[in-house]
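The values are calculated or read from the model by the stated rules, or taken from the named source; none is laboratory data. Please read these numbers as outputs of a predicted model, since none were measured by experiment. Neighbour counts are summed over all protein chains in view; Cβ atoms, including those assigned to glycine, are modelled from backbone coordinates with ideal geometry.
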Amino acid sequence: MRKLLAATLGILSAVGGFVDIGDLVAAGQAGARFGMAHAWVLLLGVVAICAYAEMAGRIAAVTGRAVFDLVRERLGARMALINLVASYLVTVITLAAELGGVALALRLASGVPYLLWVPVAGIAVWVVLWRMRFPVMERVFGLAGLALVVFAVALFWLPTDWAALGRSAVTPDDSGQGWGAYWFVAVALFASTVSPYEVFFFSSGGVEERWSADDLADARFSVLVGFPIGGFLALSLIATAAVVLRPAGLSVDSLDQVAHPVVLAFGAAGLAVAALAFFAVTFGAALETGLSAAYAAAQYFGWQWGKRVSPREAARFHTVLLVSVLLGVLLLLTTVDPVTLTEYMLIISAVALPLTYLPILVVANDRTYLGDRVNGRALNLLGAVLLLVILAASIVAVPLAIGTRMGQ
Amino acid sequence: MRIQVSQELLDRQLVDRDGRLVGKVDDVEFGLGADGVPYLRSLLTGPGALGQRVGGRLGRMLVLTAERFVTDRPVAPLRIPYALVTRVDSAVWLRVRADELPTSPVEEWLRRHLIDRIPGAGRASG
């Protein structure tokens, strides 16, 4: 149990990163349109985020410097500021989408209209950020997010044709939707799996938890358990959509439809667990994105940040936190569809990916930082190959988005 | 001590004696010694210095934003004499405490007008 608790930072980072509202819908869509044909993308993304989160966690534990510190140092003041602006925009719009997700989950559970829940969600998220202790926050929302496992359970409960499911995972097929659309979904799914705010949050969380070189084993455990669990949950979302929605020819454009397979398997009890799980992951993701936005800004400018000091000693950090949540709420109140917005954001995010991951790889090899805890040869090879994949995704993202009209 | 300013000093985190975060090394200032040899006189931190180094429209926007919070413009960077530096590794460590240095005007303004007015501002949540 103590071991599992050590992994909650990784679980929350992963859940907020790739099992959040955007993915509840995107994974559902991918499954409903292409079956399991994108399973390999998810796998590749999980390997990439594990490799880079391990490096970022190690740097944070040994030096106390989180990811945006490294971005500023290695890219210089100007490029890092451009990265900050891009990352902040992406993260705050994602935060808005998560707040929307919290409101949608509350509507699913209560029937009270969504827009009424939006300010409630905003206030609740801000109060948690203002007052709750970091480790408590991480454990409550990391563990509650595991309720999503109900999707994997539903898969066993339903008459799943495992052989066909396995076949569709190993023989990618465009399902008559066109390869442009296939690759567009692939890039979006990959970008969401390696969203930069996951490493901002994970490394800053390590500093908040006062990791030192003695905690490296815990940090690694958190990465290697937390992110794969997140990947498994996302995979089970794709699989249930592939099994239930795809044969019926249903498409996914709302949270109710994502929950449909679970309702089919377990009825009202299933709906209740699914609503709880949606609430937990979107709330957790809102905390993660809100904090990440403020961490990135504070680390770029060198401000005092974190929940260890009183808010009045980190006034600029807490102002950014407050303003970000407020912006998220205001954005939702314009009645824009947050999930559609997230899809656009994933493309911007894909373009900016190398600006975050290159500095991590460079510093992970810097002996003045890490002494003899620099990357080994195997990890460097893996990191370099993954960086090429990240670079490729970043280059093709915009042409694909335009060429396929956002994957139509 | 031999140090490469652009590699090891610029853009690093400034940390006080107790581990509080003071700012980034946004720029440096050289002085000319009595013997005519230039030496590293002080580290500059604050949006004024940063904005100049970033340059362009982005840099100007940064300075303009910061100037909204101060009364005496242009916003002057905090100068930290290089003699106060004890150690340079992944951060630049100072021998003084953060509260012995002037507080950033933006931090001061936001603390007084916004954060301090919210209940619980004085307690760390941990």
>> I'd like the full set of residues that are basic (Lys, Arg), within 27 Å of A:GLY371 (Cα to Cα) and either assigned to a helix (DSSP H, G or I) or touching a strand residue (DSSP E or B) at 6+ places or on another chain (Cβ under 6 Å) (or both), limited to region A:206-261.
In response: A:ARG220
> Among the residues of region A:286-300, is any touching a Gly at 6+ places or on another chain (Cβ under 6 Å) and either closer than 21 Å to A:ILE93 by Cβ or assigned to a helix (DSSP H, G or I) (or both)?
Replying inline: yes
> Given A:ARG308, A:ARG373, which one is out of contact with any strand residue (DSSP E or B) (no Cβ under 6 Å at 6 or more places or on another chain), touching a residue at least 12 places away in the same chain (Cβ under 8 Å), among the charged types (D, E, K, R) and closer than 21 Å to A:GLU73 by Cβ?
Replying inline: A:ARG373
>> Please determine whether any residue of region B:73-85 is surrounded by fewer than 14 Cβ atoms within 10 Å (Cβ to Cβ), modelled with pLDDT of 90 or more and touching a helix residue (DSSP H, G or I) at 6+ places or on another chain (Cβ under 8 Å).
In response: no
> Residue check, A:VAL207 against (1) at pLDDT 90 or above; (2) crowded, with 24+ Cβ neighbours inside 10 Å, all met but one. Which one?
Replying inline: (2)
> Can A:ALA56 be described as hydrophobic (A, V, I, L, M, F, W, C), touching a residue at least 60 places away in the same chain (Cβ under 8 Å), within 14 Å of another protein chain (Cβ to nearest Cβ) and touching a Gly at 6+ places or on another chain (Cβ under 9 Å)?
Replying inline: yes
> In region A:139-148, is there at least one residue being within 14 Å of chain B (Cβ to nearest Cβ), out of contact with any helix residue (DSSP H, G or I) (no Cβ under 7 Å at 6 or more places or on another chain) and farther than 24 Å from A:LEU104 by Cα?
Replying inline: no
>> Checking A:GLY111 against (1) within 16 Å of the chain's Cα centre (by Cα); (2) at pLDDT below 90: exactly one of these is not met. Which one?
In response: (1)
> Among (1) without any contact (Cβ under 8 Å) to a residue 12 or more places away in the chain; (2) in contact with a Leu (Cβ under 6 Å, 6 or more places away or on another chain); (3) within 16 Å of B:THR103 (Cα to Cα), where does B:PRO47 come up short?
Replying inline: (1)
> Of all residues in region A:62-91, which are more than 8 Å from chain B (Cβ to nearest Cβ), crowded, with 24+ Cβ neighbours inside 10 Å and in a helix (DSSP H, G or I)?
Replying inline: A:VAL67, A:PHE68, A:LEU70, A:VAL71, A:SER87, A:VAL90, A:THR91
> Scanning for something farther than 30 Å from A:PHE184 by Cβ and without any contact (Cβ under 8 Å) to a residue 60 or more places away in the chain, does region A:382-393 turn up at least one residue?
Replying inline: no
> Restricting the first residue to region B:105-117 and requiring it to be buried (at least 19 other Cβ atoms within 10 Å of the Cβ), which pairs with a second residue that is among the aliphatic types (A, V, I, L, M) and at pLDDT 95 or above meet a Cβ separation below 6 Å and a spacing of at least six or different chains?
Replying inline: B:GLU107/A:ALA315; B:LEU110/A:ALA315; B:ARG111/A:ALA315; B:ILE115/A:ALA315
> Looking only at residues in region B:6-28 that are polar (S, T, N, Q) and modelled with pLDDT under 95, which one is surrounded by the most Cβ atoms within 10 Å (Cβ to Cβ)?
Replying inline: B:GLN7
> Given the residues A:GLN257, A:GLN299, which is the only one that is buried (at least 20 other Cβ atoms within 10 Å of the Cβ) and among the polar types (S, T, N, Q)?
Replying inline: A:GLN299
> Within the set of pairs 6 or more residues apart or between chains, which connect a residue that is at pLDDT below 90 inside region A:213-227 to a residue that is of a type in the set (Gly, Ala, Ser) with Cβ atoms less than 7 Å apart?
Replying inline: A:ASP218/A:ALA6
> If you check B:SER104, B:SER90, B:SER125, which single one turns out to be within 13 Å of the chain's Cα centre (by Cα) and hydroxyl-bearing (Ser, Thr, Tyr)?
Replying inline: B:SER104
> In the set B:ARG41, B:ARG57, which member is farther than 28 Å from A:GLU208 by Cα, of a type in the set (D, E, K, R) and in contact with a helix residue (DSSP H, G or I) (Cβ under 9 Å, 6 or more places away or on another chain)?
Replying inline: B:ARG41
> Here are B:GLY55, B:GLY31, B:GLY36: which of them is surrounded by fewer than 15 Cβ atoms within 10 Å (Cβ to Cβ), small (Gly, Ala, Ser) and under 19 Å from A:ARG74 (Cα atoms)?
Replying inline: B:GLY55
